[in-house]
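Undergrad: Attaching a single structure in structure tokens format; questions to follow.
The values are calculated or read from the model by the stated rules, or taken from the named source; none is laboratory data. What you see is a predicted model, and the numbers here were worked out from it, not measured in a lab. Cβ: placed from backbone, ideal geometry, glycine included. Neighbour counts: every protein chain shown.
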Amino acid sequence: MADSSLPQIPPQELAERLDRGEALQVLDVRAPDKVERGRIEFGAELDFHAHPNSRLFAAPDVGDLHLDRARPIAVICGHGNSSKKATAFLRERGYEAYSVIGGMAAWETVYVARHLSPTPSLAHVVQLDRVGKGALSYVLVSDGDAVVVDPGRHLERYDALLKELRATPAAVVDTHIHADYLSGARAAAAHWGVPYFLHPDDAVSPYDRTPGTLAYQRLSDGDTIAFGRASLRAVHVPGHTLGSISLVSDDGLALTGDFLFVQSIGRPDLAGQTESWAKLLWRSLERVRQTWSGELLVLPAHYASESERRADRAVASRFDVILATNPVARIQEEREFLRWIAGHVMPFPDAYRTIKEANLGLVALSEADAEIVESGPNQCAVG
């Protein structure tokens, strides 16, 4: 079957269909070690299969691979090349197969926008779900002014959304210096001509204290960002990084970055200072438990699994529910908390240091390098 006539599916369409709950199969034909490092894990009805092309083509009976002839199959590889051969192979045997354009490299650039309920001062609260990374960023709009929080590097996604919302950017914020993906915040601020906000404790390398080369405006504990009729107050919650902040709105939203997730908490070991940073993390958790209302809606910057979604597919939860159900946030004693952290930290990708230093402006990465270092889902949570 010629490539020009081979049925293909754009990764954005695949994500949206999975997000709607369509019963689709995904067949990953990459080598097992690459599948192990990161694969599609999205959608409540996803039926995932991993069979490298060598096994697929050598199978005496394709039926032994347990693919369902009655359901469409999205075939994915690294960059959308070897998946074409597998798609043609399956089509010749009566399967409704489609090659995913661009493969996993393209999958990791897909963003799904979720419009959450507006508030009295925020006309739009949009959660952008970068599905290949499990990374969440936000666009908040009040009276036509927008604040963008924790954006990824694919600025065209944010430009398109802002145009759709008829909003003008007013500020960009990083809740911390990210380790698992390349932030688009500095580039976005320059592109839009608006301030870039960051806590000053995160403007230096946590590894050797080298100052970053990034231009930013300080956002310290208690500082506010006002836009339209809304405001966001910075709450310093160190532990995942020294400069981690949460952004709390008067309307009952808490954008917690990598400090607090729905079912876990941000890992304190990414800079090799696990014990001291875990103690900071405990103090931050104690502080918000004593000062935050249980009715606050927590909007984190990451998720690890489909189980963290609400019925509307957004990743969010009330603070009191998190305190009751999150296995680490509900721990009441510091000693038990530190013991839990020590028992659950796991190795993380070597690329995380490179990504952090790139986000600080200390390392320059090409587009090809960016794709390599960002590969795979986030590993920023403990547990």
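Undergrad: Does Leu162 qualify as being farther than 16 Å from Pro300 by Cα, crowded, with 24+ Cβ neighbours inside 10 Å and in contact (Cβ under 8 Å) with a residue 12 or more places away in the chain? Can you show your working first?
TA: Working: farther than 16 Å from Pro300 by Cα: yes; crowded, with 24+ Cβ neighbours inside 10 Å: no; in contact (Cβ under 8 Å) with a residue 12 or more places away in the chain: yes.
The answer is no for Leu162.
Undergrad: On to the next question. Is it the case that segment 333-351 has a residue that's buried (at least 18 other Cβ atoms within 10 Å of the Cβ) and touching a Gly at 6+ places or on another chain (Cβ under 6 Å)?
TA: The answer is no, given that none of the residues of segment 333-351 is buried (at least 18 other Cβ atoms within 10 Å of the Cβ) and touching a Gly at 6+ places or on another chain (Cβ under 6 Å).
Undergrad: Just to be sure, is Ala179 farther than 30 Å from Arg287 by Cα, in contact with a helix residue (DSSP H, G or I) (Cβ under 8 Å, 6 or more places away or on another chain) and either surrounded by fewer than 15 Cβ atoms within 10 Å (Cβ to Cβ) or of a type outside the set (Phe, Trp, Tyr) (or both)? Outline the logic, then answer.
TA: Values: farther than 30 Å from Arg287 by Cα: no; in contact with a helix residue (DSSP H, G or I) (Cβ under 8 Å, 6 or more places away or on another chain): yes; either surrounded by fewer than 15 Cβ atoms within 10 Å (Cβ to Cβ) or of a type outside the set (Phe, Trp, Tyr) (or both): yes.
So Ala179 fails the test.
Undergrad: Can you tell me which of (1) surrounded by 20 or more Cβ atoms within 10 Å (Cβ to Cβ); (2) of a type in the set (Val, Ile, Thr); (3) assigned to a loop (DSSP other than H, G, I, E, B) is the one Val148 doesn't meet?
TA: The number of the failed condition is (3).
Undergrad: Next question, about the same structure. Please work out which residue is surrounded by the fewest Cβ atoms within 10 Å (Cβ to Cβ), limiting yourself to segment 128-145 and to residues that are within 16 Å of Ser183 (Cβ to Cβ) and of a type in the set (A, V, I, L, M, F, W, C).
TA: Taking the candidates together, the pick is Leu128.
Undergrad: Okay, moving on. Return yes when Asp180 is more than 22 Å from Val141 (Cα to Cα), assigned by TED's automatic domain parsing to the domain that holds Glu334, free of Cβ contacts under 8 Å to residues at least 40 places away in the same chain and in a loop (DSSP other than H, G, I, E, B) and no when it is not.
TA: Values: more than 22 Å from Val141 (Cα to Cα): yes; assigned by TED's automatic domain parsing to the domain that holds Glu334: yes; free of Cβ contacts under 8 Å to residues at least 40 places away in the same chain: no; in a loop (DSSP other than H, G, I, E, B): yes.
For Asp180, the condition - more than 22 Å from Val141 (Cα to Cα), assigned by TED's automatic domain parsing to the domain that holds Glu334, free of Cβ contacts under 8 Å to residues at least 40 places away in the same chain and in a loop (DSSP other than H, G, I, E, B) - is not met.
Undergrad: Something else: Being acidic (Asp, Glu) and touching a residue at least 12 places away in the same chain (Cβ under 8 Å) is the filter; apply it to segment 183-211 and report the residue that is nearest to Ala351 (Cα to Cα).
TA: Asp202
Undergrad: Inspect all residues belonging to segment 145-159 and state whether any of them is in the same structural domain as Ala316 (by TED's automatic domain parsing), touching an Asp or Glu at 6+ places or on another chain (Cβ under 7 Å) and touching a residue at least 40 places away in the same chain (Cβ under 8 Å).
TA: Taking every residue of segment 145-159 in turn, at least one turns out to be in the same structural domain as Ala316 (by TED's automatic domain parsing), touching an Asp or Glu at 6+ places or on another chain (Cβ under 7 Å) and touching a residue at least 40 places away in the same chain (Cβ under 8 Å).
Undergrad: Among (1) farther than 25 Å from Glu308 by Cβ; (2) at pLDDT 90 or above; (3) touching a helix residue (DSSP H, G or I) at 6+ places or on another chain (Cβ under 6 Å), where does Leu67 come up short?
TA: Here Leu67 meets the rest and fails (3).
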